[in-house]
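> The structure that follows is given in the form of structure tokens.
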Amino acid sequence: GAVVSQHPSRVICKSGTSVKIECRSLDFQATTMFWYRQFPKQSLMLMATSNEGSKATYEQGVEKDKFLINHASLTLSTLTVTSAHPEDSSFYICSAVTALENEQYFGPGTRLTVT
Amino acid sequence: GQQLNQSPQSMFIQEGEDVSMNCTSSSIFNTWLWYKQDPGEGPVLLIALYKAGELTSNGRLTAQFGITRKDSFLNISASIPSDVGIYFCAGRSIKAAGNKLTFGGGTRVLVKP
């Protein structure tokens, strides 16, 4: 149980375009999902908390208009990187909270490369 | 954001050795978690600790929630090659909103050449 998927696993896009990343809880419902980014050899940095049916809560320094989050259902949250730039290239990881254990289970991550 | 102090940053292991890593915080946590991350993958939850002094095992892994609630350690006994990866501690502060976690900087476990 507690399986979280992300799609796509890798994406390359051109500077100025937008990219959508999906995070799904496959075998449980998650009222809360989190989005992180991770640079090489660094720890996870929380970007935002995504709550089903309400607006996401962004961490300080994260631009909400650049990183659009939509938590449309109890099993799906999406992160859209708008007008991507090379500095947005990173490993984006989502996590979902299970009601049973109240702990975060992570997706496999999405490697974004902006050229 | 705030990070936990995790040490060592990296270590080399030889098959069969025991390894140990720890995390400390300046504030009190009510939950300590240990995750392992393989290259190009998301972190996988190894052990969760909820009570001060709690000692929990998962196979060859043992973790403890420090009595002061400001630290935790993870031990791996009789290491094997697949133990290579990055281990992260994570804690949940009593002041944390929702289910937010604070992560340590990670311990990179490598195999001795």
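The values are calculated or read from the model by the stated rules, or taken from the named source; none is laboratory data. Small disclaimer: the values here were computed from a predicted structure and weren't measured. Positions of Cβ are backbone-derived with ideal geometry, glycine not excepted, and every protein chain shown enters the neighbour counts.
> Could you tell me how many of the residues in the range A:92-115 are surrounded by fewer than 19 Cβ atoms within 10 Å (Cβ to Cβ) and of a type in the set (A, V, I, L, M, F, W, C)?
Selection size over the range A:92-115: 2.
> Which residue, of B:Ser77, B:Ser72, is at pLDDT 95 or above and touching a Gly at 6+ places or on another chain (Cβ under 7 Å)?
Just one listed residue meets the conditions, B:Ser72.
> Of all residues being more than 10 Å from chain A (Cβ to nearest Cβ) and at pLDDT 95 or above in the range B:90-109, which is surrounded by the most Cβ atoms within 10 Å (Cβ to Cβ)? Just the residue, please.
B:Thr107
> Residues that are more than 12 Å from every other protein chain (Cβ to nearest Cβ) and within 13 Å of the chain's Cα centre (by Cα), at least 3 per element: which strands (runs of 3 or more DSSP E) completely within chain A meet that?
Fully inside chain A and qualifying: A:19-25, A:67-73, A:76-81.
> Further question: Can you tell which of A:Ile93, A:Ile21, A:Ile12 is in contact (Cβ under 8 Å) with a residue 60 or more places away in the chain and closer than 18 Å to B:Ala90 by Cα?
A:Ile93
Let's see how each residue does on (1) buried (at least 18 other Cβ atoms within 10 Å of the Cβ); (2) of a type outside the set (D, E, K, R); (3) at pLDDT 95 or above:
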| site | (1), (2), (3) |
| --- | --- |
| A:Ala2 | yes, yes, no |
| A:Val19 | yes, yes, yes |
| A:Phe39 | no, yes, no |
| A:Gln42 | no, yes, no |
| A:Gln60 | no, yes, no |
| A:Ser83 | no, yes, yes |
